[in-house]
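Have a look at the structure below before the remarks.
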Amino acid sequence: MEKLRDRLHQYWLLARFDKPIGILILLWPTLWALWIASDGRPDIMVLTVFVLGVVLMRAAGCVINDYADKDFDPHVDRTKLRPIAAGKVNPKEALVVFVVLCLTAFGLVLLMNWYTIALSFVGAFLAASYPFMKRFTHLPQAYLGMAFGFAVPMAFAAQTNHIPLVAWILYLAVLLWALVYDTMYAMVDIDDDLKIGVKSTAILFGNRVREITGALQLVILGLLIAVGQMQQLGWPYYVGLGVAAALSVYQQVLIFHYHKPSCFKAFLNNNWFGLAVFAGLVLDYL
């Protein structure tokens, strides 16, 4: 019994259930999309499936990420104690956990319409292939955005059986948002990444990382304003965007001196960015 409890604990850590920030950052744009697609009244079944799907697929993404990075993580201070890197879970076990999580999520998707089921294969491919991108391109953060943001068109498909132009504009905003916050995250590991040969936008942008992320944050806010105009949203939504804009400025202040703990704090602060936009949507539709 004690051995089983230990295995389950290691799997819990492997799936990063002890660190819910990743779930929240993935959940906010999913909720944005569901609220817009449903005019503020999402179907309860759709909402439940997508919330549980976010939890499961984020966990699956963490597992396959650690499997892909099993040769890198032992050499990085921040990741050397992860279950695979520390030898607590072997890679084959991790693959089994990954498959179980994906199959459970797919079981939930089967409750949706055929359009959403078809799109889920694209989403699953993006999530499973993302961890390997850092070997081949300096833009793995953009690929992460493609994977994380794919819940947006899926949410519209599930709620309306249609993906309008506004959904793709929102998808682009979410893609760029993930690129920005994951670049801030990558700034924490930049020394280790350079040493072991892992690529990232933090390395690609170099000394221009503040200017580029700042410009991207302006583009993101512009896209979110365009979404509001297309949906004829009112002042509560724009108040939410105003708070999100202030948080973006604060994040730039945090990363200004490239201080690693502050860069990580900037990454974490994006949870409040996501919440601010969602709160604006909820209040507007109410």
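Quick check on Val219: is it over 21 Å from Trp272 (Cα atoms), in contact (Cβ under 8 Å) with a residue 40 or more places away in the chain and either outside any helix (DSSP H, G or I) or out of contact with any Gly (no Cβ under 6 Å at 6 or more places or on another chain) (or both)? Against the criterion (over 21 Å from Trp272 (Cα atoms), in contact (Cβ under 8 Å) with a residue 40 or more places away in the chain and either outside any helix (DSSP H, G or I) or out of contact with any Gly (no Cβ under 6 Å at 6 or more places or on another chain) (or both)), Val219 does not qualify. Please state which one of Leu224, Leu194, Leu204 is surrounded by 18 or more Cβ atoms within 10 Å (Cβ to Cβ) and either at pLDDT 95 or above or more than 18 Å from the chain's Cα centre (by Cα) (or both). When all the criteria are applied, what remains is Leu224. When region 191-234 is filtered for residues that are under 18 Å from Val253 (Cα atoms) and not aliphatic (A, V, I, L, M), the ones remaining, listed by number, are Phe205, Gly206, Asn207, Arg208, Arg210, Glu211, Thr213, Gly214, Gln217. Only one of the numbered conditions (1) β-branched (Val, Ile, Thr); (2) over 21 Å from Arg208 (Cα atoms); (3) within 20 Å of the chain's Cα centre (by Cα) is not met by Val219, and that is (2). Of the residues making up region 99-122, those that are under 19 Å from Ile163 (Cβ atoms), in a helix (DSSP H, G or I), touching a residue at least 12 places away in the same chain (Cβ under 8 Å) and in contact with a helix residue (DSSP H, G or I) (Cβ under 6 Å, 6 or more places away or on another chain) are Val109, Tyr115, Thr116, Leu119, Ser120. For region 158-170, the criterion of being in a loop (DSSP other than H, G, I, E, B) and among the aliphatic types (A, V, I, L, M) is met by at least one residue.
Once region 237-286 is narrowed to residues that are closer than 14 Å to Thr213 by Cα, among the hydroxyl-bearing types (Ser, Thr, Tyr) and at pLDDT 95 or above, the residue that is nearest to the chain's Cα centre (by Cα) is Ser248.
Selection within region 125-146: residues that are touching a Ser or Thr at 6+ places or on another chain (Cβ under 8 Å) and assigned to a helix (DSSP H, G or I). The member of this set that is surrounded by the fewest Cβ atoms within 10 Å (Cβ to Cβ) is Ala142.
Here's the yes/no breakdown for (1) at negative phi; (2) in a helix (DSSP H, G or I); (3) within 18 Å of the chain's Cα centre (by Cα); (4) among the polar types (S, T, N, Q):
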site: Arg7; (1), (2), (3), (4): yes, yes, no, no
site: Phe17; (1), (2), (3), (4): yes, no, yes, no
site: Ile25; (1), (2), (3), (4): yes, yes, yes, no
site: Thr30; (1), (2), (3), (4): yes, yes, yes, yes
site: Val51; (1), (2), (3), (4): yes, yes, yes, no
site: Ala60; (1), (2), (3), (4): yes, yes, yes, no
site: Asp66; (1), (2), (3), (4): yes, yes, yes, no
site: Lys70; (1), (2), (3), (4): yes, no, no, no
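Evaluate region 161-179: report whether one residue or more is of a type in the set (S, T, N, Q), out of contact with any strand residue (DSSP E or B) (no Cβ under 8 Å at 6 or more places or on another chain) and either surrounded by 16 or more Cβ atoms within 10 Å (Cβ to Cβ) or closer than 16 Å to Pro29 by Cβ (or both). No: region 161-179 contains no residue that is of a type in the set (S, T, N, Q), out of contact with any strand residue (DSSP E or B) (no Cβ under 8 Å at 6 or more places or on another chain) and either surrounded by 16 or more Cβ atoms within 10 Å (Cβ to Cβ) or closer than 16 Å to Pro29 by Cβ (or both). As for region 231-238, it holds no residue that is in contact with a Phe, Trp or Tyr (Cβ under 8 Å, 6 or more places away or on another chain) and assigned to a helix (DSSP H, G or I). With respect to Pro42, determine if the residue is at negative phi, surrounded by 20 or more Cβ atoms within 10 Å (Cβ to Cβ), assigned to a loop (DSSP other than H, G, I, E, B) and in contact (Cβ under 8 Å) with a residue 24 or more places away in the chain. Taking the combined requirement at face value, the residue satisfies it.
Taken over region 182-214, the criterion of being touching a residue at least 12 places away in the same chain (Cβ under 8 Å) and in a loop (DSSP other than H, G, I, E, B) is satisfied by Asp189, Val198, Lys199, Ser200. Note on region 70-93: among residues that are among the charged types (D, E, K, R) and surrounded by 14 or more Cβ atoms within 10 Å (Cβ to Cβ), the one that is modelled with the highest pLDDT is Glu93.
The values are calculated or read from the model by the stated rules, or taken from the named source; none is laboratory data. Values in this document were obtained by computation on a predicted structure and should not be read as measured data. Note that we place each Cβ from the backbone using ideal geometry, even for glycine, and neighbour counts take in every protein chain shown.
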